[in-house]
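The values are calculated or read from the model by the stated rules, or taken from the named source; none is laboratory data. The shown structure was predicted, so the numbers you read here are calculated from the model rather than taken from an experiment. When we count neighbours, we look across all protein chains shown, and the Cβ atoms used for this are built from the backbone with ideal geometry, even at glycine. We work out accessible area using only protein heavy atoms, side chains counted, and drop any ligands, DNA or RNA first. Shrake-Rupley method; radii C 1.70, N 1.55, O 1.52, S 1.80 Å.
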Protein chains: 2
Amino acid sequence: MQLDNFLNPASIAVLGASPDEHKLRGRLSKLIVKNGYRGDLYFINPSHKEIHGRRCFPDIGSVPGPVDLAIIVVPASQVVAALEQCAAKGVNNALIMTSGFAEEGGEQAKAQERIAEIARNSGIRVCGPNAEGFHNEVHNISATFSPAVDLDRSKLFTATSRRVGIIAQSGGIGFALYHRGLDLGLSFSRIVTVGNESDLTAADFLHHMVDDRKTHVILLFLETVRSPEAFIAALAKAALTSKPIVVVKVGRSAAGGRATASHTASMAGWDAAYDTIFAKYGVIVADDLDRALAIVAALGTCPLPRGKRVAVLTVSGGGGALAADALTSAGLDLPELSPKTQQLIRAQIPSYGAPQNPVDVTGQATRTEAPLKIIELLDEGDEVDIIVVVTTMANETLTPVKVAPLKELLARQNKPVLFFTYTVASDFGIREMAKAGVVTFTSLSEVATAVAAMVSYARFVPPGAIGLPVELPAAVMAELTNLTGIVPEHRAKMILEDCGIAMLPRRLVTSEVDLLAAANAVGYPVAVKIQSAEIPHKTDAGGVRLSVADLDALKVAFHAVVRSASKYTATAKLDGVLVERMASAGIEMIVGVVRDDIFGPILTVGAGGVTTELYRDVSRRVAPVTKNEAVDMLRELKYFPLLAGFRGSAKADITALAKLISQISMVAVSLKGSIAEIECNPVIVHPCGKGCSVVDAVMAASPA
Amino acid sequence: MQLDNFLNPASIAVLGASPDEHKLRGRLSKLIVKNGYRGDLYFINPSHKEIHGRRCFPDIGSVPGPVDLAIIVVPASQVVAALEQCAAKGVNNALIMTSGFAEEGGEQAKAQERIAEIARNSGIRVCGPNAEGFHNEVHNISATFSPAVDLDRSKLFTATSRRVGIIAQSGGIGFALYHRGLDLGLSFSRIVTVGNESDLTAADFLHHMVDDRKTHVILLFLETVRSPEAFIAALAKAALTSKPIVVVKVGRSAAGGRATASHTASMAGWDAAYDTIFAKYGVIVADDLDRALAIVAALGTCPLPRGKRVAVLTVSGGGGALAADALTSAGLDLPELSPKTQQLIRAQIPSYGAPQNPVDVTGQATRTEAPLKIIELLDEGDEVDIIVVVTTMANETLTPVKVAPLKELLARQNKPVLFFTYTVASDFGIREMAKAGVVTFTSLSEVATAVAAMVSYARFVPPGAIGLPVELPAAVMAELTNLTGIVPEHRAKMILEDCGIAMLPRRLVTSEVDLLAAANAVGYPVAVKIQSAEIPHKTDAGGVRLSVADLDALKVAFHAVVRSASKYTATAKLDGVLVERMASAGIEMIVGVVRDDIFGPILTVGAGGVTTELYRDVSRRVAPVTKNEAVDMLRELKYFPLLAGFRGSAKADITALAKLISQISMVAVSLKGSIAEIECNPVIVHPCGKGCSVVDAVMAASPA
């Protein structure tokens, strides 16, 4: 398996090893030994003869055997030389922990380029520099100085045998996730922190973990993606093999700020592409360390739910109400239980309890058989898909339910059961419940997040095969390669038409004498629109006249838009005036595509006019999409009821709109090298069976 | 001070005391003694001579001295008799813990009514039944069986001397908040759980805590409000005296579901009134126990910030990025620091650190002087208002910064400083940092929530005096008392006009012969609208014709709307047809008022048409509001840019709209006894200086 000899090396050399545990490299040296590494270990440091009772070598060249992994912790100025020596010796992998490279800029960034070059030329795979290393919990290999792995392992406890693999672009956060996860009783496979990714990137380790049978759930902490194709391939593999990935992606607050030609682009927060990619491959997005761990904990301990109906079982009325609010606001349902089930529950609880849902068994029922009997009852029936137990685990000597029968019950259980304590959980309580395979949750918003994530992951269907990108006519391709800057409406519409997308009848007119023929060809009423690459916002320039009904009016309109445009920007080069058939009435939509620097063309659909901009009500997908996916996109809009016939208005031609969206997405893929933005705005969607009309369109060529 | 002899009684009698600590009443008896109650304590139980070494009395009548507080824990069937005996003896207060009253319904609910009656008639104040009691931490009085107060107090630690008072409508959650708060190092004044509120309600205890000098921050857990006037008076007092109140309100997920006449009412989730009341009095709303405690912890340890600019100081780049995202998405600003400040910071940190903001001091700077020096630098300058420190507190023997100088620094500090650890905090770390007055935060979303809450609380201005409700003419008042059901447009507009609100010229016509005179009085073009209390949705019934331009067309329209309406509901009683001048163009808005059963008239403003319903983009206030408050409401709408002249369109007459909103709110207050709903929909707002027009209006009378 890829990177096996990196993460599970038969031999390790530590360049820069030290006996001084107050130094990071000393702590690293100690931790490899302390945590039980069983392969060949070579400490390398010309200043020492022995470290931790082991022979110390003066340089990598003097190591007798082969080396799978060289850990480099020498000062920054010596790193390149050390790596060259490793490459010369034929070392398979290097992990460079030393800081002060690309993150410092200048000469040091160049040194990092040199590192990448050595990797490319020699074949040695390099993780880092500036990496905090990794910990392989399956094979007890700690290649890191992180204090998080310096543990009294006899004090650890685990609630589950399913293991979590962590990949992090931050050493501190990667090992903090591990540290926090141990506290919940999670099991781990590997924790990998990737540093500056001069050679090996997060995507490489992601491939490893998707393939690794000991890793059941993957937790990613991402700042950026440095090898998007490999990254997407790994996500696709995980989606097909149903291995869940949970991601915390930072950098959402960074300003976007590049100039754009279309509304679509100006609305695309820079993280829109990430969210779109994650949605496509069923990656679960968490916005917080605790929520990420809560999701991982639920996936690690529970079967996937079959639906989104939750029963809450509580020992406190207030706690039940809190849980109901948290779960409902996360989009989950709390159905009232059937009269028959309520009657069966009534028999188990005091008269002042409540059997509906939340089921309030009251404080009196703690430690009785009631909670377990009710859980079993709800598991056997088909009224709910998930059970959330709200209880108190503050007690230092008693668990809220008996552990042995709980363990037995959960082993038979088909539905997820999650336990929340409203008091602070005692150490005793957490450890005892872990013996039954239970992770104790202490936050209801985390419970709700975890349940919602499980429900949505269970529903996820990996993307199937979709239509191929359009084969564009050679003439179009030739024209496209010459495009620069903003492509005005008439040219954009010609390109779209050449790609097989229907446009309204129209003529580009450059002189008054051509107006009659144009109008006859197009048919009244017409719209009259100035055309210039320098006037992307035609209306603002007074360059548009609508519903022009006869030749006299057309002549007036023609001169008016030319005059206004000339006044607006005296120097603008005018291509002419577009005379176009007015579209009939309907609902205005926007369909746009923006090419993301990392992930390629991202499709956006939203309502037309000001609504979309004011409410940011858009749906996004990675292009291309099928017609069915386009319909899904429309359904995600809050605006959708209007298309579907809100308050008795006519149902719009959703089929035609979906076809148009799919076509534009295919075109975007075909054009992706040359076009940065495409926007059809507005697209007017006519009533059912009447199709839709692209009223305006604009494109922007990719920057050279 | 109100309830002083309840919460700090000079003498306590326990009716139903027991030596058996496995029973709740035995645990209660023990905890009073164990936690150090120093007043006169009388155990009462005819079956015992002595409990916990104290003499036991057969009944309350045989107690020698006066009794401030009787705690009643006898079986439900004996509670009323016991309370009567207490009243007969002249006991000041009773706390009834026994369960099985209103929550059980039937005969038991009647027993609770009897309890309330005894309180009213005798003057004894009663808390409960079904109350888990209270704990007074200032005077060491535990009147509860909650295990949360059964603590080894030598192990407690506190980060702050400012005390938190808790009032909860759930015993379990009230004491869980205390239990969790102790774990954070918070100090407390009293924890009161109010049970079924047969006599004393949460509002009574709220008044006590607002007045209590030992309570600095109040934390409420609410399910409902049983005495709204007293509750609002207490909120108003807290607002004026700047005592912060944080509330967790449950029940948001409960279905609303009553039939409504207006869109305003159908959009009002049942919790809208609560949110509106809380906003009015600056009450901080939290949706989760941990977030509530985080806010309380920040308010208890930090000064209020002067603005919303945050500096993040981090030892981990990834942690800094996480913090930046969490804070930014909570609406806070992270300004880049000035070149001069960055230069000063550069001098303190390694070359691979970052001085912008987040300030990455790197892991190397832990335990150096750098973090403290940078905090001091940021405190002295005027570039930020709040400092968030992202660090690791996993270490069992070292704190991330030295405690003594930190304590000194924070004592001088003018700005809030919050500490977050991305690893699990060690017990050592939490306790040491508490010595410097620091609460350790372990969740960044809680840090962001707490900072945002402080910023918003610091900005809050208590509501000032506003205009008096309108004095309505006697004729209107007489008419109003006879209203039932839905009030159709023509009558609703007459009432509003009588209240001094300008309406469009209009005439109610019942026969074709009156059309000419009506049209002449009104002026063309006109709208023609059917009028019937049984047809609230006139358009759906085909009962509206717009832009009618002459008499012939008017006659056609008149007959058409009558015919349509008759076809729509053959039996509907028609009041006539309203002929009204068409309003000129503008932006459509909705202004509505719904009377909340608990809090009275709540005003709602939103965009007209489908936008408001699809996007739930509304602003709400308790009526009445001033014109300035009305402008604030408009500014809160995402739709506001459209009124303010979005994309070069004309600015709307916001002044006229604000006046109308204020007027309608005043009218709603005047009408509150008789009118359940008022809705003007749409109101068309014309360009600046051209006013606004109430195009349609409807009212619904209060249910009899």
Revision key, fill the gap. Condition set farther than 21 Å from A:Leu496 by Cα and open to solvent by 40 Å² or more (accessible area, probe 1.4 Å), scope segment A:580-608, selection farthest from the other protein chains (Cβ to nearest Cβ): answer is A:Asp597
Exercise for review: Tell me which residues, restricted to segment A:416-438, are in a loop (DSSP other than H, G, I, E, B) and either of a type in the set (Lys, Arg) or more than 20 Å from B:His179 (Cα to Cα) (or both).
Suggested key: A:Pro416, A:Ala436, A:Gly437, A:Val438
Review point. If you scan segment B:1-28, which residues turn out to be within 26 Å of A:Gly363 (Cα to Cα) and in contact with a Pro (Cβ under 7 Å, 6 or more places away or on another chain)?
Key: B:Gly26
Point to revise | Residue among A:Gln356, A:Gln342 that alone is at pLDDT below 95 and open to solvent by 10 Å² or more (accessible area, probe 1.4 Å) | key: A:Gln356
Review point. So, of the residues in segment B:331-354 that are within 14 Å of chain A (Cβ to nearest Cβ) and of a type in the set (D, E, K, R), which turns out to be nearest to B:Val401 (Cα to Cα)?
Key: B:Arg346
Review point. Quick one: would you say A:Ser170 is surrounded by 20 or more Cβ atoms within 10 Å (Cβ to Cβ) and either in contact (Cβ under 8 Å) with a residue 12 or more places away in the chain or closer than 30 Å to A:Leu406 by Cβ (or both)?
Key: yes
Review point. If we scan segment B:140-159, do we find a residue that is touching a Phe, Trp or Tyr at 6+ places or on another chain (Cβ under 8 Å) and under 18 Å from B:Ala292 (Cβ atoms)?
Key: yes
Check your understanding: When only residues in segment A:489-536 that are touching a Pro at 6+ places or on another chain (Cβ under 8 Å) and not in a loop (DSSP other than H, G, I, E, B) count, which is farthest from A:Glu677 (Cα to Cα)?
Key -> A:Ala521
Point to revise | Within segment B:36-75, considering residues that are touching a Lys or Arg at 6+ places or on another chain (Cβ under 8 Å) and more than 20 Å from B:Val91 (Cα to Cα), the one surrounded by the fewest Cβ atoms within 10 Å (Cβ to Cβ) | key: B:Lys49
Check your understanding: Within the group B:Lys402, B:Lys493, which residue is open to solvent by 30 Å² or more (accessible area, probe 1.4 Å) and either out of contact with any Cys (no Cβ under 7 Å at 6 or more places or on another chain) or outside the structural domain of B:Ile530 (by TED's automatic domain parsing) (or both)?
Key -> B:Lys402
Practice item. Return the total of residues in segment A:331-349 being in a loop (DSSP other than H, G, I, E, B), touching a strand residue (DSSP E or B) at 6+ places or on another chain (Cβ under 8 Å) and free of Cβ contacts under 8 Å to residues at least 40 places away in the same chain. Key: 2
Point to revise | Residue check, A:Ser619 among the polar types (S, T, N, Q) and open to solvent by 50 Å² or more (accessible area, probe 1.4 Å) | key: no
Exercise for review: Would you kindly identify the strands (runs of 3 or more DSSP E) lying entirely within segment B:130-219 that contain at least 3 residues that are β-branched (Val, Ile, Thr)?
Suggested key: B:163-168, B:187-193
Study note, to complete from the structure: Scanning segment A:122-155 for residues that are surrounded by fewer than 20 Cβ atoms within 10 Å (Cβ to Cβ) and not small (Gly, Ala, Ser) gives A:Arg125, A:Val138, A:His139, A:Asn140, A:Pro147, A:Asp150, A:Leu151, A:Asp152, A:Arg153, A:Lys155
Practice item. Consider A:Val417 carefully, then state whether it is open to solvent by less than 20 Å² (accessible area, probe 1.4 Å) and not aromatic (Phe, Trp, Tyr). Key: yes
**Study point:** Some residue of segment B:224-242 being under 16 Å from B:Ile173 (Cβ atoms), of a type in the set (Val, Ile, Thr) and either modelled with pLDDT under 90 or crowded, with 23+ Cβ neighbours inside 10 Å (or both)
**Key:** yes
Exercise for review: With the condition kept exactly as written, say whether any residue in segment A:542-554 is surrounded by 15 or more Cβ atoms within 10 Å (Cβ to Cβ), out of contact with any strand residue (DSSP E or B) (no Cβ under 7 Å at 6 or more places or on another chain), touching a residue at least 24 places away in the same chain (Cβ under 8 Å) and away from every other protein chain (no Cβ under 14 Å).
Suggested key: no
Exercise for review: State all residues of segment A:647-670 that are under 18 Å from A:Pro682 (Cβ atoms) and open to solvent by 40 Å² or more (accessible area, probe 1.4 Å); if no residue qualifies, say none.
Suggested key: A:Ser649, A:Ala650, A:Lys659, A:Gln663
Practice item. State whether the residues of segment A:110-121 include one that is open to solvent by 30 Å² or more (accessible area, probe 1.4 Å) and within 14 Å of chain B (Cβ to nearest Cβ). Key: no
Study note, to complete from the structure: Filter segment A:439-466 for residues that are part of a loop (DSSP other than H, G, I, E, B) and open to solvent by less than 10 Å² (accessible area, probe 1.4 Å); the one that is nearest to the other protein chains (Cβ to nearest Cβ) is A:Ser443
Check your understanding: What about B:Val361, is it modelled with pLDDT of 90 or more, more than 30 Å from B:Asp617 (Cα to Cα) and surrounded by 16 or more Cβ atoms within 10 Å (Cβ to Cβ)?
Key -> yes
Check your understanding: Is segment B:48-69 home to any residue that is under 27 Å from B:Ala109 (Cα atoms), in contact with a Ser or Thr (Cβ under 6 Å, 6 or more places away or on another chain) and assigned by TED's automatic domain parsing to the domain that holds B:Glu117?
Key -> yes
Practice item. Considering every residue within segment A:316-330, establish whether at least one is within 14 Å of chain B (Cβ to nearest Cβ), in contact (Cβ under 8 Å) with a residue 24 or more places away in the chain, assigned to a loop (DSSP other than H, G, I, E, B) and open to solvent by 20 Å² or more (accessible area, probe 1.4 Å). Key: yes
Revision key, fill the gap. Conditions (1) crowded, with 22+ Cβ neighbours inside 10 Å; (2) out of contact with any Leu (no Cβ under 6 Å at 6 or more places or on another chain); (3) free of Cβ contacts under 8 Å to residues at least 60 places away in the same chain -> A:Gly673 fails only (1)
Exercise for review: Give me the pairs, please: first residue somewhere in segment B:221-232 and in the same structural domain as B:Phe278 (by TED's automatic domain parsing), second residue anywhere and in a strand (DSSP E or B) and basic (Lys, Arg), beta-carbon distance under 7 Å, and either six or more positions apart or on two chains.
Suggested key: B:Leu222/B:Lys249
Practice item. Would you tally the residues in segment A:111-166 being under 29 Å from the mean Cα position of the chain (by Cα) and hydrophobic (A, V, I, L, M, F, W, C)? Key: 12
Check your understanding: Just wondering, is there one or more residues in segment B:189-203 that are in contact (Cβ under 8 Å) with a residue 12 or more places away in the chain, facing chain A (nearest Cβ under 10 Å), open to solvent by less than 20 Å² (accessible area, probe 1.4 Å) and closer than 28 Å to B:Asn121 by Cα?
Key -> yes
